[in-house]
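Since the structure comes first, as structure tokens, the remarks are kept for the end.
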Amino acid sequence: MTDTSKDITILGIESSCDETAAAVVVNGRKVLSNVISSQIDIHTVYGGVVPEIASRLHCENINGVIRLAMKEAGTGWDGIDAIAVTRGPGLVGALLVGVSEAKALAYALHKPLIGVHHIEGHIAANYISHPALEPPYVCLVVSGGHTHLAVVRGYREFELAGRTMDDAAGETFDKVARAVGLGYPGGPKVDRAAREGDPHAIEFPRGEVKDHPYDFTFSGLKSAVLNYINMAQMKGEEINVSDLAASFQRSVTDSLVSRTIRCAENYGIRKVAIAGGVSANSALREAMKAACEERGMECFYPEPVYCTDNAAMIASAAYYEYLAGRRDSMFLNAEPNLKLGDR
């Protein structure tokens, strides 16, 4: 174990998808800088992330993003104790840009190198927004590529209790948004449209996975929404986009909240957290908070800036790896299919 008597300052780098990010974080919870260069405007033209374009833009942006993060932090390279980077999961080309950059910095500066699991980073985002939060707790991680229900037993100890069997929640938002003409990215646009609609206007299904009470399925919901749209078009009926968005969002939220609460109750845990891009969704936050309050549980979620992919969460997760003595070699590689809990 590492001496914890002094502050540990870590430079985090994140490039797993379409955000190029760098951040400097002290002791896993105090953010000195958090710089994010988003590619959303570019990928919007294509209706989703194009991996090759994402990789090229990471190459163009990463040095400038790191320089800005270091400038805003004001620490200087001598004040950095370790270099942390997302090693997976994610788009392999995008991951390789960040991993290569981190290895080059660690080698040139003689700093320890720490590879971080992207999902564990999302979970750690809650430590930044809630400095008093400690395990154990149940965390729902929902994003464009992931829907995981994890029992967080320790800072480095995770049990994957549930996961999606098909589409991720964020992916489902994107597909439904595209189908009704809202465009990409779907999550924020559906959320905004839903605020003007009636969540009870249309009754969409809540998928269940037999004999797997904590798993999720959204393919049936997606099909139901598409069928509703097709039937309305065949009949020449006008679709109320706000009502459809609100009803769809209620179905997704009900599925996410019910399984998370069920898991917490069955595991005897009184703290619940959410993380990932979809955790910025206003309806999900309100529903999870209400469900927790009804049962006397505590509810945690990050500030919106830490819901999206960012490097502060990577540096936060790396802090606990650093304390445990993890040091990666120059053979560290991108692992696009890395499983939760893999060290």
>> Tell me the residue from HIS130, HIS118 that is in contact (Cβ under 8 Å) with a residue 24 or more places away in the chain and either in contact with a Phe, Trp or Tyr (Cβ under 6 Å, 6 or more places away or on another chain) or of a type in the set (Lys, Arg) (or both), please.
In response: HIS130
> From ILE261, ILE239, ILE274, which residue is among the aliphatic types (A, V, I, L, M) and over 26 Å from the mean Cα position of the chain (by Cα)?
Replying inline: ILE239
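This table checks each residue for (1) part of a loop (DSSP other than H, G, I, E, B); (2) within 17 Å of the chain's Cα centre (by Cα); (3) outside the structural domain of GLY121 (by TED's automatic domain parsing).
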| residue | (1), (2), (3) |
| --- | --- |
| ILE13 | no, yes, no |
| ALA22 | no, yes, no |
| ILE36 | no, yes, no |
| ILE42 | no, no, no |
| GLY47 | yes, no, no |
> Take the residues of segment 254-264 that are of a type in the set (A, V, I, L, M, F, W, C) and in contact (Cβ under 8 Å) with a residue 60 or more places away in the chain: which is surrounded by the fewest Cβ atoms within 10 Å (Cβ to Cβ)?
Replying inline: CYS263
>> Please go through segment 312-343 and give me each residue that is touching a helix residue (DSSP H, G or I) at 6+ places or on another chain (Cβ under 7 Å), part of a loop (DSSP other than H, G, I, E, B) and of a type in the set (A, V, I, L, M), ordered by number.
In response: MET330, LEU332, ALA334, LEU340
> Are any residues in segment 131-158 touching an Asp or Glu at 6+ places or on another chain (Cβ under 6 Å) and within 18 Å of TYR214 (Cα to Cα), and if so, which ones?
Replying inline: VAL151
> Which number in (1) under 23 Å from GLU157 (Cβ atoms); (2) in contact (Cβ under 8 Å) with a residue 12 or more places away in the chain; (3) not hydroxyl-bearing (Ser, Thr, Tyr) marks the one condition that GLY268 misses?
Replying inline: (2)
>> Need the failing condition index for GLU293 against (1) part of a loop (DSSP other than H, G, I, E, B); (2) surrounded by fewer than 24 Cβ atoms within 10 Å (Cβ to Cβ), just the number.
In response: (1)
> In this structure, is SER258 within 24 Å of PHE158 (Cβ to Cβ), assigned to a helix (DSSP H, G or I) and of a type in the set (Ser, Thr, Tyr)?
Replying inline: yes
> Any residue in segment 265-280 that is surrounded by 23 or more Cβ atoms within 10 Å (Cβ to Cβ), touching an Asp or Glu at 6+ places or on another chain (Cβ under 8 Å), in a loop (DSSP other than H, G, I, E, B) and aliphatic (A, V, I, L, M)?
Replying inline: no
> What single numbered condition from (1) of a type in the set (Ser, Thr, Tyr); (2) buried (at least 17 other Cβ atoms within 10 Å of the Cβ); (3) in a helix (DSSP H, G or I) fails to hold for THR86?
Replying inline: (3)
> Where in segment 131-174 are there strands (runs of 3 or more DSSP E), lying wholly inside it, with at least 2 residues that are aliphatic (A, V, I, L, M) and over 15 Å from GLY277 (Cα atoms)?
Replying inline: 147-154, 157-163
>> Can you pull out every residue in segment 213-253 that is crowded, with 17+ Cβ neighbours inside 10 Å and among the charged types (D, E, K, R)?
In response: ASP215, LYS222, ASP243, ARG250
> Of (1) touching a Ser or Thr at 6+ places or on another chain (Cβ under 8 Å); (2) closer than 27 Å to MET313 by Cα, PRO205 satisfies all except one. Which?
Replying inline: (2)
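The values are calculated or read from the model by the stated rules, or taken from the named source; none is laboratory data. Just so it is clear, the model here is predicted, and its values are computed rather than measured. Cβ: placed from backbone, ideal geometry, glycine included. Neighbour counts: every protein chain shown.
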